[in-house]
Structures are given as structure tokens and as C-alpha cells.
1. Regarding residue B:106, is this residue in contact with a helix residue (DSSP H, G or I) (Cβ under 9 Å, 6 or more places away or on another chain), modelled with pLDDT under 95 and assigned to a loop (DSSP other than H, G, I, E, B)?
2. Within the range A:207-219, is there a residue that is within 14 Å of chain B (Cβ to nearest Cβ), more than 15 Å from residue B:19 (Cβ to Cβ), part of a helix (DSSP H, G or I) and under 40 Å from the mean Cα position of the chain (by Cα)?
3. So which of A:121, A:61 ends up being in contact with a helix residue (DSSP H, G or I) (Cβ under 6 Å, 6 or more places away or on another chain) and either within 13 Å of another protein chain (Cβ to nearest Cβ) or touching a residue at least 40 places away in the same chain (Cβ under 8 Å) (or both)?
4. Collect the residues in the range A:378-401 that are in a strand (DSSP E or B) and touching a helix residue (DSSP H, G or I) at 6+ places or on another chain (Cβ under 6 Å), keeping them in residue-number order.
5. Could you grab me the full set of residues in the range B:172-206 that are within 14 Å of another protein chain (Cβ to nearest Cβ) and part of a helix (DSSP H, G or I)?
6. Among the residues of the range B:83-99 satisfying the criterion of being more than 8 Å from chain A (Cβ to nearest Cβ) and part of a loop (DSSP other than H, G, I, E, B), which is surrounded by the most Cβ atoms within 10 Å (Cβ to Cβ)?
7. Could you check, for the range A:233-255, whether at least one of its residues is outside any helix (DSSP H, G or I), over 22 Å from residue B:19 (Cβ atoms) and touching a strand residue (DSSP E or B) at 6+ places or on another chain (Cβ under 9 Å)?
């Protein structure tokens, strides 16, 4: 028994790879010796033997749940096993767009002299019943995380106009200096002509020189466009900051009346960087929709999730067909009788038959690690159905696209 | 000949803003295109000196574009100008970009960085050598130093003083660390001339990621054997020269510059050794030692090192040619190089004759100190 464990190379890796459980093997002092297939899938990393354990934990962003901090190495069961101690921990979290709660168990394996030869750990996702059951608090927390996930894209959307606002300001600064030089030379000319003396040719030459240096044809053509673009840039930054403000301040406990058209505009603004490279997004908003009663941040979250999913679906379709095609995303609002509808439609890959029934399950995801945690749609459904008494449905055609529909009860009354 | 600069950004507003910002740069011939494909087309049609590309673009993004440019037109200086703040993007650009600027860019910075790159052309008139320098992504790091570095960053708490000692002892590591900090990969461009300061700016966590990415620091150096060199002895000589240059710097504030110029004085040898086998003739034959020094200096300049350090490296064989702030520094490196070489020869029982430009030293008043420095060199050699 003992000798068969002498070397990890003796273990049939096909068996380990077939295990639906993530297995890690580490050797002293703290190096990764082996990860099975499930482990690589879970962390999205395939470290080579000899890779330092500390960096695995850091690069995979394994956090202690609720602390926002990397898991302290010394407390991690795998490290404890390296020190000869078997243990387990249930407060691990994979820091992703939406945190993935994990359980780790680890045991040491000793050599003949009693020294730790290696440590073996398993890592598994906490099942739903083990995770935070409190819908409202977890919705609130996740809300912020998705805004956090979008932060890099939002920064890009702000930095880009700031770049050309800055460049155009510098340009207009130079323009102004040149024009003032021209004006100055003309003032001297006028001053000289007042004396009644013949005007010195030199002053005229000065004017001509300043005019040439000012490159007036270029300025005349470019300065008005520069100003227009700067104002456009300012408007873009303003609208993003506005959307951020609406979506990111923590929701009140009290429901309020929500305008779904405004919601659609804000959600499309804030997600612009997520869809603009994949698709065009159009808003087809009905005039004067009735309002709904609820939590604007959470409903915004619903739309953000659906829009980001739509953009991914377009990318998936391109990946499947190998074509580079700019997709279409449509956000529609409709107000009929006592119901208000929100639709997000894409012309992406569609959802295959065999997984249609599962897309609303927590942790079910087809996306590569780091791109989705399988909590988006379940969250959307909880917000729509449990928090807003609405209905979430979708219809889809493989290879043609998907349409998600949120139906909410209309309400015109304040409390 | 005007400098030709190619700007690439999918946002037309950014391109137009740049064209207005730079409208008075009469000695630059600027072309603006809105995709990576169009950029490659433009590069295929004509010569460019510099490319400035956005990172996030549909289809081919900035990192992909610059990899293509690196492969197809390595002589073109590659600059990223990005609005992205994600580290992932920075990491992907690191191996292929010479500089990394972030939007919104400080006023004047775009002009300054492009201008600095253009000004380097004066160091090297052979275009094939500029292309050779442009193809360098990283300089070789000694295997045993790299292994010790991996051990050091495997610790939960990285001992940064150990890391600093390892980095200082290696030309490949030091040059890359300063490249990353001085070319703005981590925020604003810095003018660090001290490896320690650059490392503390990068920080332990980030440095660990750099090492573990295995794409930033170079390995190898196997091609050196072709020129009868070994990486170990080159590194030993560089370290000896750096230590001596530090000691003989005429003023304390020059010490860090002197150390760095001493450490990097023979980078040109490493660059030249990286050429494709059998291409000597295409490069116009092996370069003279002066030309080889300029080749190394050119690469250091592309990597954002301070110009006087670059010039000190460029003119360390012929310090009388250097001017301005670099003249003094070039002389220091010239003497340190000569002393370190003589000491090595003495030890191995060969001549040990000190090869320095005595006339130049006499003119600059440094000759009187030569004996004192030689003694210093011997003492340093014994303690090493």
C-alpha cells in the first residue's frame, strides 16, 4: 500500500481525471505536484508541477468568504496538511464576478520516517443548500459585484472620451494663442494707421506672418468640430456617471416606482463596453410605459445580466461558425394592460435543447472559468420572480438567437 | 527625412483629437487608421518609424497587432495607448510593446514619448541594426538566477531585499524591470535609475506575477556561444564594471546612473548575439565595438532608460565623442570597463594591461586618479 504511493506518477491519471472532484497534490515546502482535470476546470489554471502553491492561491483569487481578502495561507487545509494535519474549511470563495463558495478538505501523507511526503486536497463547490439562503442580502451583494465586474469596461468608456477631450483642449489652447497673436499684429497695424502716417510695410508683413503661422484654414475647419466632439465626449462621460450613480448606490429596503425605459437606457449605457465589440444595440421603447413597483438597482442588474449574456451569445456564435460578424441586440419595452414587459433579444448562438432546462440552475454554466459562474440567470430569476412577482421566460433557436422576456405587474401608485 | 508615425484606434474621435493635438508637428508625417488590418496594410505599403495603437479594438486588438508588427516589421517602435485599466491587457502587451501609455494621457506625454523614440535614430544609422534591436523582447537571464528568483517568489512573504540583490546581479532582469517602470506599464512613466526603487514601485505581489507569467523575463542566451561569449562571464564582467563605476563616479548623485551604465555597457553584445545565424553579411558585417555599444544603447533607449545613461553606454568605448551630461558618465564607464577587464586578465595570468584612452583622461583631468582607481579595483576584486 505504502509503496504504491511513493510517487504520484504511479497513480493512473485517467482515473483521477475522471473524478468529478477537484484534486490537488502538493509537496513540501509548498509546491504544486499535481492537479486533476476537474481541478484545472474549477480554477481555470493548469499549473505545472513545481509551481508555488502561494501563487496558485493568489492567481486563482481564492478568498476567505466575506472578508474580501486572499485566504490566509497558514489556515488553508492544504497548508495544514503539509504541516501534517488533516482538516477541512468551508469558508473559501473563488473571487469571480460572482463569488463561488467552496469547500476544501485535505490530508497529509507521511513517508516511512514520519515526515510529510505530500498533501492531498479536494476542492468542491458548496451545494445550494449550503450557500447563503437569504435572497435579499445576497442579491444586494451580487449587485455590487457585477457593477465591479463592469468597472474596467466603464473606465474604458470614460477614459476614451477623456483622451480626446484633453487632446482637443490642447489644440484649442494652441489655436487661441495663435489667434491672439494674429489679433495682436492687427491691433498694432490699426494703432499705426491712426497716426495718419503711412503704415510701415513691416507691420503688414507681421500680420501676414502671424496669419500664415496661425494656419487659419485648418483652424476654421477643425475648431468647430473639435468643440462639437468635446461636448459629445462630455455627454458620454456624463451619461455613464449618471448610470453608475443610479445602479450602484445600495438599494433602499422600500420598493419605489420604476420607469423601465429609463432602466433600459441606463443598462445599455453601463454595459456599452461589453457589447460594442460584438454587436449593435438598439432600444425599441414603447411610449409612456406604465411603471412597475420594485427595486431599480436589482432590475437594472437583471438587464445588465441579460445584455452581457446576449453579447456573449453573439461571440459564441462567431466562435462556432468562425465568422466575424457584428451581431444585433435589441432591448424592447412594452406596456399592455396591467403588465409591463422587458425583452432582450440577440441573434447569437441560441441555447441547445439539451441544456435548456438547466440554464436557470445555480452554478450551471457553459462559459469558460472567469467568464461566468453560473449565477447570472438564477439571480435574474430570483429578482424577477421572488422580488418583483414577475415571470421570466425565454425562447431560443440554435444558431439564430435567443429572446429573454421579463413580465412585471404594472403599478401607478406610490405607497 | 520626416519621422513617420502610424496611429491606430477604432474610435475616430481619438484619432481626430490626436491629429489636432499634433497639428504643428511639421517634421512628423502622420497616418491615422481605425483598425489593425488597415494598420498592417499601411505598414506593408511604406516605411514607418513608430506605431501608436489602441488596445481594445474589434477583431484584431492592440496586443495582437503589435505582435504582428514585431514579427513583420520589428524595426518599428511599438507604443500602446489604451483606455483599459485591466491588468490582463497590460500583461498581454508587455512582451510586444516598447511603451505603454494610458488614456487619458497627460498633456505633452504622447509627443514626448514619440519624440524620444525618434531621437534615438541618431545613435544607429544602420537600419538592419535598428531592426535587430526592435526584435528584442527581453535579454537573457542566467538560469541559476532565474531559478533562485522562482524560489524567492514562492515564499508567502517575498523577501524583496533578496529579490533586489538577484535583480541587480543580472543584466536581463535589471533591464526589464527598468523597462517596465520607465515605460509606464504600471502607471505614469518613471525615470528610475535605481533597480531597488523600481522594484519597490512595482511591489512584491506584482513582481511575483511578473516572474510567474514566464513571458516577461528572458531566458536562454545560448546564442552567445556563437560569438565566443558566455552569459556567465558577461554577467560577471557587467556586475564588476557596475560596482566599480558606482565607486569612481565623481559625484554622489551620479552613482546610480554610473552603476546602471556600467551594468548595461555591453548590452550590445547580447543584442548582436541574438541575430539569425548566417545574417552577418546582411547586417553589413559584424559591427565595430563602438557600433555594438550604440546598438545596446539604442535598445535601452527604446525601453525608456534615461538618455544620459543610454549615451554613456553608447560612447563608453570612445568617451571623447560623448557630449553634455553623458560625457562624464561615459568616461566613468570607460575607465570601469577597462579596470574590470584588466583585473580579470591579471587573475587568469594574462597580461592585465589597462586599455583606456589616456589622452582623453588627461584632457578631462581624470588621469591623476587612475592609480587610485586601479587599487580600488583590486581591492573590490579581492572582496568579491
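The values are calculated or read from the model by the stated rules, or taken from the named source; none is laboratory data. Just so it is clear, the model here is predicted, and its values are computed rather than measured. In this analysis, Cβ positions are derived from the backbone assuming ideal geometry, glycine residues included, and neighbour counts consider all displayed protein chains.
1. Values: in contact with a helix residue (DSSP H, G or I) (Cβ under 9 Å, 6 or more places away or on another chain): yes; modelled with pLDDT under 95: yes; assigned to a loop (DSSP other than H, G, I, E, B): yes.
Taking the combined requirement at face value, the residue satisfies it.
2. No, the range A:207-219 contains no residue that is within 14 Å of chain B (Cβ to nearest Cβ), more than 15 Å from residue B:19 (Cβ to Cβ), part of a helix (DSSP H, G or I) and under 40 Å from the mean Cα position of the chain (by Cα).
3. Working: A:61 fails: in contact with a helix residue (DSSP H, G or I) (Cβ under 6 Å, 6 or more places away or on another chain).
Result: A:121 is the single residue among A:121, A:61 that is in contact with a helix residue (DSSP H, G or I) (Cβ under 6 Å, 6 or more places away or on another chain) and either within 13 Å of another protein chain (Cβ to nearest Cβ) or touching a residue at least 40 places away in the same chain (Cβ under 8 Å) (or both).
4. Let us first name the residues in the range A:378-401 that are in a strand (DSSP E or B), namely A:391-397, A:401.
Matches in the range A:378-401: A:392 only.
5. We begin by selecting, within the range B:172-206, every residue within 14 Å of another protein chain (Cβ to nearest Cβ); these are B:187, B:203-206.
Scanning the range B:172-206 gives B:204, B:205, B:206.
6. Taking the range B:83-99 as the starting set, the residues that turn out to be more than 8 Å from chain A (Cβ to nearest Cβ) are B:87-99.
Then keep just the ones that are part of a loop (DSSP other than H, G, I, E, B); that gives B:94-98.
Details: B:94: 22, B:95: 16, B:96: 19, B:97: 28, B:98: 23.
Ranking the qualifying residues of the range B:83-99, first place goes to B:97.
7. Within the range A:233-255, the subset outside any helix (DSSP H, G or I) is A:249-255.
Next, from what is left, pick out any that are over 22 Å from residue B:19 (Cβ atoms): A:249-255.
The next check asks that each one be touching a strand residue (DSSP E or B) at 6+ places or on another chain (Cβ under 9 Å); those that pass are A:255.
Yes, the range A:233-255 has at least one match.
Here's the yes/no breakdown for (1) more than 21 Å from residue A:226 (Cα to Cα); (2) part of a loop (DSSP other than H, G, I, E, B):
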position	(1), (2)
B:23	no, yes
B:37	yes, no
B:43	yes, no
B:67	yes, no
B:71	yes, no
B:81	no, no
B:101	yes, no
B:115	yes, no
